[in-house]
Amino acid sequence: MVEAILQEMVLRKDYLIEERIDTIYFGGGTPSLLAASEIAKLLAAIQKHFIVLPGVEVTLEANPDDLDFDTLVAFKSVGINRLSIGIQSFHSHHLQFLHRVHNADQAKNCVQDARKAGFDNISIDLIYALTNETDEEWREDIRQALLLEPEHISSYSLTIEPQTVFGKWAKTGKLRVTDDDVAARHLEILIEQLEASGYEHYEVSNFAKAGFQSKHNSSYWKGAKYLGLGPSAHSYNKVSRQFNVANNHAYLRSIKSGEVPFEKEILSRADKVNEYILTSLRTSWGCNCDYLKNEFDYDLLLEQSAYIQDIIKNEYARLDNAVLSLTKKGKLLADKIASDLFISL
Amino acid sequence: MENIRNFCIIAHIDHGKSTLADRLLEFTGTVTDREMQAQVLDNMDLEREKGITIKSHAIQMNYKLDGKDYVLNLIDTPGHVDFSYEVSRSIAACEGALLIVDASQGIEAQTISNLYLALENDLEIIPVLNKIDLPHAMPEEVTDEIVEMIGCKREDVIHASGKEGIGIEDILKAVVHRIKAPKGDPKAPLQAMIFDSVFNSFRGIEVIFRVVNGTIRKGEKVKFVSTGQEYGADEIGILRLNQQPCNEISAGNVGYLISGIKVAKEVHVGDTITNAINPGASLGGFQEVKPMVFAGIYPVDTTEFEELRASMEKLQLNDASLVWELETSAALGFGFRCGFLGMLHMEIIQERLEREFNMTVITTVPSVQFKAYLTDGTQVDINAPSEMPDPTKMDYIEEPYIKAQIISKAEYIGAIIGLCMDKRGIILNQNYLTTDRVEMSFEMPLSEIVFDFFDKLKSISRGYASLDYHLIGFRESDMVKLDIMLNGEKVDALSAIVHRGKSQEWGRKLCEKLKELIPRQMFEIAIQAAIGQKIVSRENISAIRKNVIAKCYGGDISRKRKLLEKQKKGKKRMRQIGTVEVPQEAFMAILKIE
């Protein structure tokens, strides 16, 4: 697989021509299963084919059970400078429900080992609104997380996708889906606790200490170009978005024959405007209406003036210098508000 | 004339009328295999989907028997109670009828009422036991029913299967041998009865008629008796699968007329066509068709009002029974108050607006026509809840009553009587058709039939019960207006006129249903039902607290954008009432109450 990804990189080395790379991310699936030597190979190839800025953020997504002290030292030595650790919960019954093989102690130890190995930019993932999760359990998860003093926390409510095993269970009643009111309360508790501990809630699901916002995640919401390599990976160049086939064998076979197997979606002006609205409203820096006007000739403030006045009046949003951003209450409804502000197709 | 046979088919929905008609057309070579589209006669998409005939049609077949050539005119009839007047005119245009009964189902209520109509018109009835090939066919029992009903001999009942092509020739022979040739004088002054009209966007209205006396000739001037309008007979002809122009059509035969008429309203089914210079008398039996059910139709998007008006006008070109006038609603703005023949007709109009004209419309709670008598001695018709007079000025109110005939399996009698009593019905009598099937008749208010009666009847009888009804007049009733308020604002489009004894229950159920149908919004919504100033029920819809999907990174953005676009599209089918977004289907909530 690593060979195939290296080969795909060569095939697509012009995708980001003249772009400066300031973030590299090993994610999706379980990249922490890679050997440090394989990561080194991939990073060297990136240096060779692209313009990489000094101070580049290099993140590795990892499961706690893959990370022992020696592995961490090795990852650090080949150039990984940020870890995103999928802790999810500190409660064993919730971890079992999520089919995670690690336990709470492993999670804690792994963050401490990472510190010892020299990592000074660590993000952890937490999941809330789990089936039957109480407010107290959730507060305890947050407390445990804060004790580890991560620089960054990403936190998601359990989302049941219809095509998955969970989705089928939910449909047959085998799985109780937490209702939105509980999810809303958990998110509110999270925001309150983390802000009190000095984290900035800079995107619906992301919190960071000063200076530690994820460059990588932020670039998606700022509409930067990106190249994704490997099965299922998505790429975007401001004109289209494309995604590689998900099936590993199909991917390998195609790359072997010198072709990148992808599907492509050309984005219309309305698509781009809508994507900008949907991603930017999730962030603390908000939706810049001047940018929309200059980039896409779309005057959001004019087109949606009544609606915008309404959400400002009801304290879902604020407007400063043509930047529309959501209040705490509004962020919980970011999707609805974005959808209401979309250009109709 | 002695070689002409005019006949129609009387059958219940699903008893296989259309398939059997197709076989007759095939057997007589009227359609070739290549032209054979399943169920040729039902050529409106909607008709094919619902498997029923909405408009009647006619088609001519040639058939040779014992060395003689016969002309067989098959006059197709609509199969729904909403269109019973059209059925009566089709029947009046025939000398005979095929009574098609599903061998596994037996005779149904609608069939019986049409059968009585045919007997009243002295039609020769040819009973046909259809679907004889089905394993659960009960030919003996159903034959008993038929013999009992029309007093024929058992051997007169033809066994057939439209699907398998069984009995087709027997049917054709019976049509020739048993049905009388039409009578009439081709030399007398022209009298032709209109029994259908079809709209053709290129040629205008095609009038379908049966000549009773006299002869209609191409190029002559004709007159429609009820309207007094005169037209040139630009083109006349007979109806094969396609039209076949000819120079004259004489007494006994069926044909079409094209004379540049553009609006369906000018052509009344049941009217008499005569010669303008040498006129004959009216044939009689003509009635103006009156709407039975009224409802408002509004565009979901207020800017589409003019477009809706244009669409309604076009619809009216080919549906003379649709009537409407302008209506304004405080909640919905400009729209139309429409009169329909019945609930199916209403459904058809709404669907045609959406499919053929691409309109998204809101249909408000249907209502029957009430008559209010005021203290000052005047009388007003009430076609909409908003027209309900101030209670202090009202002396009393009358509502339309119907006589309903219901036929069912005996085991469901109890449930059916219970349902009819609950709908303010009075049972008149019950009559066993066979040991297992019973015919019941009730008097009940028409307004109760409008609110979901038919579906309930079907469900309590597991689909066995069939219903037919006709209007018997107006009776005094204690009716009140039930208002609905959203966040304290009265929404006129959600009001309904209901019986006082049931008004509290309706209010409560309507609030509950609306709570189900209106999605949670960014603020709390109070739904209240009121009679006059008195609040009789209340439900709250709590505000949505959270509507945001957790992850949104590179791979999620397209999918998420599409999801929110879908959400936005759903919103387009909603109407903003004050601050509340109300979905299209909520306006019909009262019809969906359990």
Fluctuation leader among A:Asp22, A:Asp135, A:Asp320 - chain A, Gaussian network, Cα springs under 10 angstrom: A:Asp320
Per-residue mean of C-beta atoms belonging to partner chains within 10 Å, peptide A:150-156: 1
Long-range amide H partners of B:Val212 with built H, under 5 Å: B:Gln191, B:Ala192, B:Met193, B:Gly252
Cβ-derived FRET efficiency at R0 45 Å, B:Lys314 paired with B:Lys534, nearest 0.05: 0.50
Within the range A:50-173: Cβ-based charge dipole about Cα centre, in debye rounded to nearest 20 (Lys, Arg +1; Asp, Glu -1): 220 debye
Taking the range B:191-275 and dividing mean pair separation by its residue count, relative contact order in percent (alpha carbons under 8 Å, at least six apart): 40 percent
Neighbourhood charge, 14 Å Cβ-Cβ cut-off, centred on B:Asp122 and excluding it, Lys, Arg +1 and Asp, Glu -1: 0
Mean separation of Cα contacts under 8 Å, 6 or more apart, over the residue count of chain B: relative contact order %: 10 percent
Amide proton proximity set for A:Thr23, modelled H, under 5 Å, gap of 5+: A:Glu57
Cα long-axis angle, helix B:109-120 against chain B (0 to 90 degrees, to the nearest 10): 40 degrees
Acute angle (nearest 10 degrees) that the helix B:305-318 long axis makes with the longest principal axis of chain B, alpha-carbon atoms: 20 degrees
The range B:350-360 - phi-based ³J(HN,Hα) in whole Hz, Karplus 6.51/-1.76/1.60, Gly and Pro as x: 4, 5, 5, 4, 6, 7, 7, 10, 6, 9, 10
Distant alpha-carbon pairs in chain B (separation over 39 angstrom), percent: 38 percent
R0 of 30 Å, Cβ-Cβ distance B:Asp390-B:Thr303: FRET efficiency to nearest 0.05: 0.30
Taking chain A and dividing mean pair separation by its residue count, relative contact order in percent (alpha carbons under 8 Å, at least six apart): 12 percent
Most to least packed among A:55-63, A:303-311 [average Cβ atoms within 10 Å]: A:55-63, A:303-311
Simple label model, 7 Å out from Cα along Cβ direction - A:Ile17 to B:Asp144, nm: 8.9 nm
Extreme residue, positive dipole direction of the protein assembly as shown, given options A:His201, A:Thr172, B:Cys152 (C-beta unit charges): A:His201
Proximal aspartates and glutamates to A:Lys222, defined as alpha-carbon separation beneath 16 angstrom and excluding residues fewer than eight positions away on the same chain: A:Glu19, A:Asp22, A:Glu203, A:Asp271, A:Glu275, A:Asp290, A:Glu295, B:Asp556
Other protein chain Cβ atoms within 10 Å, averaged over every residue that makes up A:173-186: 2
Beta bridges per DSSP with both ends in chain A, % antiparallel, nearest 5: 50 percent
Using alpha-carbon coordinates, inclination of helix B:139-150 to the longest axis of chain B, degrees: 80 degrees
Total charge dipole magnitude, the range A:269-311, about the Cα centre, Cβ charges on Lys, Arg, Asp, Glu only, Debye to nearest 20: 140 debye
Residue-by-residue Karplus 3J(HN,Hα) for the range B:573-586, coefficients 6.51, -1.76, 1.60, Hz, glycine and proline x: 8, 10, 10, 7, 10, x, 9, 8, 8, 10, x, 2, 6, 5
Rounded to the nearest 20 debye, dipole of chain B from Cβ charges on Lys, Arg, Asp, Glu: 2060 debye
Relative packing of B:264-271, A:4-11, which averages over residues the other C-beta atoms within 10 Å, highest first: B:264-271, A:4-11
Per residue Cα convex hull volume in Å³ - calculated over the range B:311-453: 164 Å³
Ellipticity estimate at 222 nm from DSSP helix runs (n ≥ 4, -39,500 (n - 2.57)) divided over chain B, nearest 500: -7500 deg cm²/dmol
FRET efficiency estimate (nearest 0.05) - Cβ-Cβ, B:Asp381 to B:Ser282, R0 25 angstrom: 0.35
Average partner coverage of B:562-572, which counts Cβ from other chains inside 10 Å: 5
For peptides B:431-437, A:199-205, sequence by mean Cβ density within 10 Å, most packed first: A:199-205, B:431-437
Other-chain or far-sequence residues with amide H under 5 Å of B:Met522's (modelled H): B:Ile544
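Coordinate-derived values only; no laboratory data. Values in this document were obtained by computation on a predicted structure and should not be read as measured data. All Cβ positions, glycine included, derive from the backbone under ideal geometry; neighbour counts span all protein chains shown.
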